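Report on the following structure.
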Amino acid sequence: MQQKKPSFPCHSSHDNRPIGVFDSGLGGLTTFKELRRLFPREDIVYFGDTGRVPYGTKSREIIRRYARQDVEFLLQHQVKMVIAACGTVSANISPDFAGSIPVPFTGVVGHACAAACAATRRGHIGVAATPATIRSAAYEKELKALSPQIKVSSIPCGLFVPLVENGFIQRDDPITRLTVERYLAPMRSSGVDVLILGCTHYPLLADIIGEFMGPEVTLIDSGKAAAEYARQFLTEQGMLAAPDKGPGENRFFVSDSIEGFSEVAEIFLGETIRGEVRQVSVG
C-alpha cells in the first residue's frame, strides 16, 4: 500500500502542522528538496536513520520494524502527513502498517509507477532499486496492476546507496561510473525506454545514469513523484499551511553523528542547510 487517505473529515481549509519525511539515510533529502520547492510555507520535519543505513540489504522483518520506529518518531512532532521517502520501506510495508498510522501516509512506489506508465512509449519499463526492493517485486506488481501488458526489467543496485551516502556522485568519478556501467549494462541492452530510480538516493546519480542509458531512456525520480502527490493531496484536503503563514521552517534529525551531515546534505540539496539539525535515538 502506497498511500492512506485520512478517515476523518477535514474541518479546516488550512493546517499549519509540519509534513514528516523519513528515509533510511540522506536519500530522502531529494524528496525534501522537491517538497520545499512545492511548499515554500510548509514546515518540514526530516528524519534520516543514518545509524542503520542502508535498509536495502536487510530482511523485510527488520525493515518493517525500523519503519514503524521512524514513523513513531515523526508522530511525536505532530506532523499532519508522513512520507516514506524510501523505496525500500515503501516496497516492504504491509497494508496493516499503513492503515495503523493516524495521519495520511504515502510511500514512493505507486506514484513512480504511475509516472513511468505515463512516460513509456514502447511499454518496456526498467526498475533500478535496492536488493530488498527488488526481492519484494513491489514495483513489478504495481506496474502490472496499472498496465498488464507492460514489460518490466528489474536490477538490484546494492552499491548505489553507500556511494551516494559517501559523496561519490561527481559525474566524472571513475568508481561510480564503473559501478553504474556494471549494474545497468544489461538494462540498457534490454531496450527499456523508461527507468525508474526506485530508491530516493539514486537521483543523485541521475547525470551518470542518464548519460550511460542514453537520451532515449526517460528517468523517473520516485521521490519527486511522491512530492507531487503530496501537493495534490494536501491541496484537495484543505490541509495546506495558511496563506499568511511565514516561510516554512526545517528541522532535521539523524540517528548517527551530525558531524559531516551539513556537508553531505548540501550535496543532496544543492544549497546550504537551513534549519535545526539534531542527533536522536530511535528504537
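The values are calculated or read from the model by the stated rules, or taken from the named source; none is laboratory data. Owing to the predicted nature of the structure, the values given are computational and were not obtained by experimental measurement. Every residue, glycine as well, gets a Cβ built from its backbone with ideal geometry; the counts of neighbours run over all protein chains shown. The accessibility values were calculated without ligands, DNA or RNA, using every heavy atom of the protein model including side chains. Shrake-Rupley method; radii C 1.70, N 1.55, O 1.52, S 1.80 Å.
Key figures
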{"quantity": "Hits in region 23-64 (condition: under 26 Å from Thr235 (Cα atoms) and either surrounded by fewer than 23 Cβ atoms within 10 Å (Cβ to Cβ) or more than 17 Å from the chain's Cα centre (by Cα) (or both))", "calculated": "Lys33, Glu34, Arg36, Arg37, Leu38, Phe39, Pro40, Arg41, Glu42, Asp43, Ile44"}
{"quantity": "Members of region 200-224 that are open to solvent by 20 Å² or more (accessible area, probe 1.4 Å), part of a helix (DSSP H, G or I) and in contact (Cβ under 8 Å) with a residue 60 or more places away in the chain", "calculated": "Pro203, Leu204, Lys224"}
{"quantity": "Residue among Thr30, Thr57, Thr50 that is within 15 Å of Gly223 (Cα to Cα) and of a type in the set (Val, Ile, Thr)", "calculated": "Thr30"}
{"quantity": "Conditions (1) surrounded by fewer than 17 Cβ atoms within 10 Å (Cβ to Cβ); (2) outside any helix (DSSP H, G or I); (3) among the small types (Gly, Ala, Ser); (4) at negative phi; number of the one not met by Ala145", "calculated": "(2)"}
{"quantity": "Residues being touching a strand residue (DSSP E or B) at 6+ places or on another chain (Cβ under 8 Å), surrounded by 14 or more Cβ atoms within 10 Å (Cβ to Cβ) and over 19 Å from Ala85 (Cα atoms) - total across region 169-199", "calculated": "6"}
{"quantity": "The one condition in (1) more than 24 Å from Ala138 (Cβ to Cβ); (2) outside any helix (DSSP H, G or I); (3) not β-branched (Val, Ile, Thr) that Arg37 fails to fulfil", "calculated": "(2)"}
{"quantity": "Test: residue in region 118-137 that is of a type in the set (Lys, Arg) and closer than 30 Å to Ser262 by Cα", "calculated": "no"}
{"quantity": "Lone qualifier among Ala67, Ala85 - being open to solvent by less than 10 Å² (accessible area, probe 1.4 Å) and in contact with a Ser or Thr (Cβ under 6 Å, 6 or more places away or on another chain)", "calculated": "Ala85"}
{"quantity": "Pair list, Cβ under 6 Å, 6 or more apart: region 233-256 residue within 16 Å of Arg36 (Cα to Cα), other residue outside any loop (DSSP other than H, G, I, E, B)", "calculated": "Leu240/Leu234; Asn250/Ile44; Arg251/Val45; Arg251/Glu276; Phe252/Tyr46; Phe252/Val277"}
{"quantity": "Inter-residue pairs, beta-carbon under 6 Å, first within 23 Å of Pro148 (Cα to Cα) and in region 101-113, second open to solvent by 10 Å² or more (accessible area, probe 1.4 Å) and part of a loop (DSSP other than H, G, I, E, B), 6+ apart", "calculated": "Gly107/Gln2; Val109/Gln2; Gly110/Gln2"}
{"quantity": "Within region 167-199, considering residues that are of a type in the set (Lys, Arg) and either outside any loop (DSSP other than H, G, I, E, B) or under 18 Å from the mean Cα position of the chain (by Cα) (or both), the one nearest to Cys113 (Cα to Cα)", "calculated": "Arg188"}
{"quantity": "Pair list, Cβ < 7 Å and 6+ apart or interchain, from region 22-46 residues that are under 23 Å from Gly167 (Cβ atoms) and among the acidic types (Asp, Glu) to residues that are open to solvent by 10 Å² or more (accessible area, probe 1.4 Å) and part of a helix (DSSP H, G or I)", "calculated": "Glu34/Lys224"}
{"quantity": "Per-region count, region 235-283, residues closer than 17 Å to Asp23 by Cβ, open to solvent by 50 Å² or more (accessible area, probe 1.4 Å) and assigned to a strand (DSSP E or B)", "calculated": "3"}
{"quantity": "Selection from region 88-128 of residues that are in contact with a Leu (Cβ under 8 Å, 6 or more places away or on another chain), farther than 22 Å from Leu234 by Cβ and buried (at least 24 other Cβ atoms within 10 Å of the Cβ)", "calculated": "Ala116, Ile125, Gly126, Val127, Ala128"}
